[in-house]
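Structure first, commentary second.
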Amino acid sequence: MAEPGIVFWILAVVTVASAVMVVTLKNIFHCALALILCLFSVAGIYILLNAEFLAAAQVLIYVGAVAILMIFAIMLTSNLASKAIRQSNEQVMVGTVVSVLFCGGMLALIYLTDKAIVSEETGVAFWRQVRGTLPADNVASLGGYLMTKFMLPFEVVSVLLLAAMIGAIVLARKEKA
Amino acid sequence: MLFYLSLAAVLFAVGLFGVLTRRNTIGILMSLELMFNAANINFVAFNKYVWADGLIGQMFAVFIVVVAAAEAVVGLAIVLLLYRNWQGIDTDHVSVMKW
């Protein structure tokens, strides 16, 4: 595997730093802005991983829709976004311990798996032997999948979106006295 | 690939920390988005480095994006409902739904 270049490290640092800002900043509005930065850099990671369509969808859906929706919700509940309100609960210590343990466990698993599961012929880990090559036309292949192999999930997910839309309308509508 | 997987693990842990410690419901939803993104990075990384024969991993990630968007919509509708009924969206105020 080629060492990831400088671009990966920049994107990784930006991603993690802005993610930490999302979970630690006092002002919830600043958290939303940091979330947008984080989602943008994850889109950059997707481009590094040859997922151009997913990067575009990330920018359009996450940055363009979900993050803006979050900002709308923050604005509509705006008197709660002031600095005076404590934004974290009493579980900060426990949460830190749990997430550090989780992160350490995951990293240990990843590296131990890389060391442990080694193919006998080639001497490299199984999951580093790339099978096949990625299709050159990313968007066209994904569209082809949607119309052939993933037809049913595609239809189901459209029903899910419809249900979510109706659910949101029903939940957020004004009660008639 | 190890670097991408490690990045995803760290991102997921940060999101987990946010979900565990945020009082604000919108903050919890934003941390959830971080966790979804970590899962997506894993899918795409495995797609490129392990099973590059097709774009199945990217397909999964696309569906995750859709489901995350639906989840955010319904979650924020619930947040607005909470705000209207209880004048607050902190999780420790809202214990009425615990049955």
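The values are calculated or read from the model by the stated rules, or taken from the named source; none is laboratory data. Here the structure is a predicted model, which is why all the values come from computation and not from measurement. Please note: Cβ atoms are built from the backbone with ideal geometry, for glycine as well, and neighbour counts cover all protein chains shown.
Things to note:
- Taking the stretch B:43-63 as the range and being more than 17 Å from B:Ala9 (Cα to Cα), assigned to a helix (DSSP H, G or I) and of a type in the set (Val, Ile, Thr) as the test, the residues that pass are B:Ile56, B:Val62.
Here is a yes/no grid of residues against (1) facing chain B (nearest Cβ under 9 Å); (2) in a helix (DSSP H, G or I); (3) modelled with pLDDT of 85 or more:
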{"position": "A:Val66", "(1), (2), (3)": "yes, yes, yes"}
{"position": "A:Ile71", "(1), (2), (3)": "no, yes, yes"}
{"position": "A:Val97", "(1), (2), (3)": "no, yes, yes"}
{"position": "A:Phe102", "(1), (2), (3)": "yes, yes, yes"}
{"position": "A:Leu112", "(1), (2), (3)": "no, yes, yes"}
{"position": "A:Glu120", "(1), (2), (3)": "no, no, no"}
{"position": "A:Gly143", "(1), (2), (3)": "no, yes, yes"}
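- For the stretch B:1-35, a residue qualifies if it is surrounded by 24 or more Cβ atoms within 10 Å (Cβ to Cβ) and among the aromatic types (Phe, Trp, Tyr), and exactly one does: B:Phe17.
- Filtered by the rule that a residue be at the interface with chain A (Cβ under 7 Å from one of its Cβ atoms) and either on the phi > 0 side of the Ramachandran plot or of a type outside the set (S, T, N, Q) (or both), the stretch B:30-53 gives B:Met30, B:Glu33, B:Leu34, B:Ile41, B:Val44, B:Ala45, B:Lys48, B:Tyr49, B:Val50, B:Trp51, B:Ala52, B:Asp53.
- Scan of the stretch B:38-86 for residues that are within 22 Å of A:Asn27 (Cβ to Cβ) and free of Cβ contacts under 8 Å to residues at least 40 places away in the same chain, ordered by number: B:Leu80, B:Tyr83, B:Trp86
- Taken residue by residue, the stretch B:12-27 has no member that is more than 23 Å from A:Asn27 (Cα to Cα), at pLDDT 85 or above, assigned to a helix (DSSP H, G or I) and not charged (D, E, K, R).
- Between A:Ala43, A:Ala34, A:Ala55, the distinction of being free of Cβ contacts under 8 Å to residues at least 24 places away in the same chain, farther than 24 Å from B:Val50 by Cβ and within 10 Å of chain B (Cβ to nearest Cβ) belongs to A:Ala34 only.
- Restricting the stretch B:57-90 to residues that are of a type in the set (A, V, I, L, M, F, W, C) and more than 8 Å from chain A (Cβ to nearest Cβ), the residue that is farthest from A:Leu134 (Cα to Cα): B:Trp86
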